[in-house]
Every structure is written in C-alpha cells, then in structure tokens.
1. Highest mean first, what order results for 23-29, 108-114 on Cβ atoms within 10 Å?
2. Please report how many Lys pairs in segment 1-135 have alpha carbons closer than 22 angstrom, counting only residues at least 8 apart along the chain or sitting on separate chains.
3. Name the residue, out of Lys79, Lys69, Lys35, whose mean-square fluctuation peaks in a Gaussian network model built on the chain with Cα pairs under 10 Å.
4. For the pair Ile47/Thr118, report the inter-label distance in nm, with labels modelled 7 Å from Cα in the Cβ direction.
5. Is any residue of segment 85-100 close enough, with backbone N under 16 Å, to a label point placed 7 angstrom from the Cα of Lys8 along the Cα-Cβ axis, and if so, which?
6. Once the Cβ-Cβ distance between Arg19 and Leu77 is put in as r, and R0 is 35 Å, what FRET efficiency do you end up with, to the nearest 0.05?
7. Dividing the convex hull volume of the Cα atoms of the chain by its residue count, what figure in Å³ per residue is obtained?
8. Tell me which cysteines of the chain come out unpaired when the rule is another cysteine's Cβ under 4.7 Å.
Amino acid sequence: MQKEQMTKLIPFLKERGLRITPQRTLILQTILTLKGHPTVEDIHRQIPQISIATIYNNIKLFVSLRILKELPYGNGLSKYELANQPNHYHILCESCGDIFDFNYPTLTQIEHVARKLTQYQIFSHQMEVYGLCPTCQNETKVKEGD
Ligand SMILES: [Zn+2]
Ligand SMILES: [Zn+2]
C-alpha cells in the first residue's frame, strides 16, 4: 500500500520538475509510514541521519509544489499531510495538539450556498473543530479522581 502510494507519487514529483533524490524519497516515504499529521520533529525522529534543516527545507518545497499540505494550527508546531487525499476535516485536541481526520460530505453544500448568496466562483472551503481528545479526557478524569 505504501509502496503503491510511493509509485504514484514519483511521477507526480517529476511532473512538477522535482529531482528525485534518495533523501527526498526517504522523507516522503517516512511521511507515508507515519500517516496522520506528523511535525518536522516527528519525521526527523524516524530518520535522524537526515538533518532537521534538510527535512524542513524539503518539506517547504513539497508544500510549495502542493505535494504536502501544511496544517498551521494547534500548538504552534506545523503539521503536514499529503495534499492528494480525499476531502476531509480536522478535529484538534486543545490539550495535546493531536489532529484527527473525519469526513462529512454533506458540508460541500456550503459551497453551493456560498455561491448562491455571494455569486462568487467557489474553489474550496476549510473548517476545523476544536475539543479534547479521548486520551486527554481520561487524564482529566484520573486527576479529578485523586
Ligand atoms: Zn489530547
Ligand atoms: Zn488530515
């Protein structure tokens, strides 16, 4: 599955005029392996042989080429995910900064409503939901129990 995704990514990179180096392949492979929404630090922890500055620079490049999407919210550390994913929304934990994906296809109706109300040509929409994740809810309960 990961290999499949990687084979799909390589022509995508070439299309964008990007040289495929072993380092770039390794960084992207690591992001695929980590799933979810890793930070640069999370990626570096998996591949400590590549310097954090190199990882950061490549990630910036991937973002500018729309290979990765930057999620700038949460606890101040940007998180990243592959850009070519089905449309989904994010729920964020205000305590630990964890981000979880969920889908709610009905929300695309908001684009039709927005177009009707404003006559704008609509490209996309974004929404985040904020709360406390199950792990942090349990920790609060444990503390309360003391
Ligand atoms: Zn949490
Ligand atoms: Zn996501």
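Values in this text are rule-based calculations from the coordinates and carry no lab data. In this text the structure is predicted, and so the values were computed from the model without any measurement. In this analysis, Cβ positions are derived from the backbone assuming ideal geometry, glycine residues included, and neighbour counts consider all displayed protein chains.
1. Ranking, from highest mean packing down: 23-29, 108-114.
2. 14
3. Looking only at Lys79, Lys69, Lys35, the largest GNM fluctuation is found for Lys35.
4. 3.8 nm
5. Correct set: 85-88.
6. My answer for the efficiency is 0.80.
7. Here the figure is 162 Å³ per residue.
8. Cys96, Cys136
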